[in-house]
Amino acid sequence: MIQQQRLLRAEWADIVKKQRPVNLQLTTISFPITAIASILHRVSGVIMFFAVAILLWMLAQSLSSEAGFASVKAMMTGGFAKFILWGILTALAYHLVGGIRHLIMDMGYWEELPSGKASAAVAFVITLILSVLAGVWLW
């Protein structure tokens, strides 16, 4: 009985090893546009999570006193701070557009592969336009 179990385990291990993918290097795998859109939606959510801390700190500083407001205003005139804020606004724009795309897909539309690819491409284009507009507004 124990011999049979060991034999079955060995056979099962051979079957599982044969079914495993050979290439797990992520740099050589080409993701479809729908997968990229989904991954970027999650990444933008994480960026926004950390951005809330930055924005709340800026709000607290600006509301603490006149000097705090002046320091935040002076900080926001620098190029690095504007770049960070532009990144936050771009992440917010993509997360909003991607979220609307997911809501529409939850309602049963754009679930087929061709329409899913098209909606992902449209989400990227809309985000690019909003990102450029945010950059023009900041600079």
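Within segment 112-124, is even one residue farther than 15 Å from residue 33 by Cα and among the hydrophobic types (A, V, I, L, M, F, W, C)?
Within segment 112-124, not a single residue is farther than 15 Å from residue 33 by Cα and among the hydrophobic types (A, V, I, L, M, F, W, C).
Please go through (1) within 16 Å of residue 38 (Cβ to Cβ); (2) exposed (fewer than 12 other Cβ atoms within 10 Å of the Cβ); (3) under 17 Å from the mean Cα position of the chain (by Cα) for residue 94 and return the number of the only condition it doesn't satisfy.
With (1) within 16 Å of residue 38 (Cβ to Cβ); (2) exposed (fewer than 12 other Cβ atoms within 10 Å of the Cβ); (3) under 17 Å from the mean Cα position of the chain (by Cα) applied to residue 94, the lone miss is (2).
Here is a yes/no grid of residues against (1) surrounded by 13 or more Cβ atoms within 10 Å (Cβ to Cβ); (2) under 19 Å from residue 46 (Cα atoms):
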site: 90; (1), (2): yes, yes
site: 100; (1), (2): yes, yes
site: 107; (1), (2): no, no
site: 114; (1), (2): no, no
site: 131; (1), (2): yes, yes
site: 134; (1), (2): yes, no
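Just one of 60, 67 is more than 24 Å from residue 33 (Cα to Cα), aliphatic (A, V, I, L, M) and exposed (fewer than 11 other Cβ atoms within 10 Å of the Cβ); which is it?
67
Name the residue that is farthest from residue 98 (Cα to Cα), counting only residues in segment 42-63 that are in contact (Cβ under 8 Å) with a residue 24 or more places away in the chain and not β-branched (Val, Ile, Thr).
Applying the filter and picking the extreme gives 55.
Assuming residue 54 fulfils every condition listed in (1) in a helix (DSSP H, G or I); (2) loosely packed, with under 13 Cβ neighbours inside 10 Å; (3) modelled with pLDDT under 95; (4) not polar (S, T, N, Q) apart from one, which condition is it?
Unmet for residue 54, out of (1) in a helix (DSSP H, G or I); (2) loosely packed, with under 13 Cβ neighbours inside 10 Å; (3) modelled with pLDDT under 95; (4) not polar (S, T, N, Q): (2).
Can you tell me which residues in segment 31-50 are among the aromatic types (Phe, Trp, Tyr) and at pLDDT 95 or above?
Result: 49, 50.
The values are calculated or read from the model by the stated rules, or taken from the named source; none is laboratory data. In this text the structure is predicted, and so the values were computed from the model without any measurement. Neighbour counts are summed over all protein chains in view; Cβ atoms, including those assigned to glycine, are modelled from backbone coordinates with ideal geometry.
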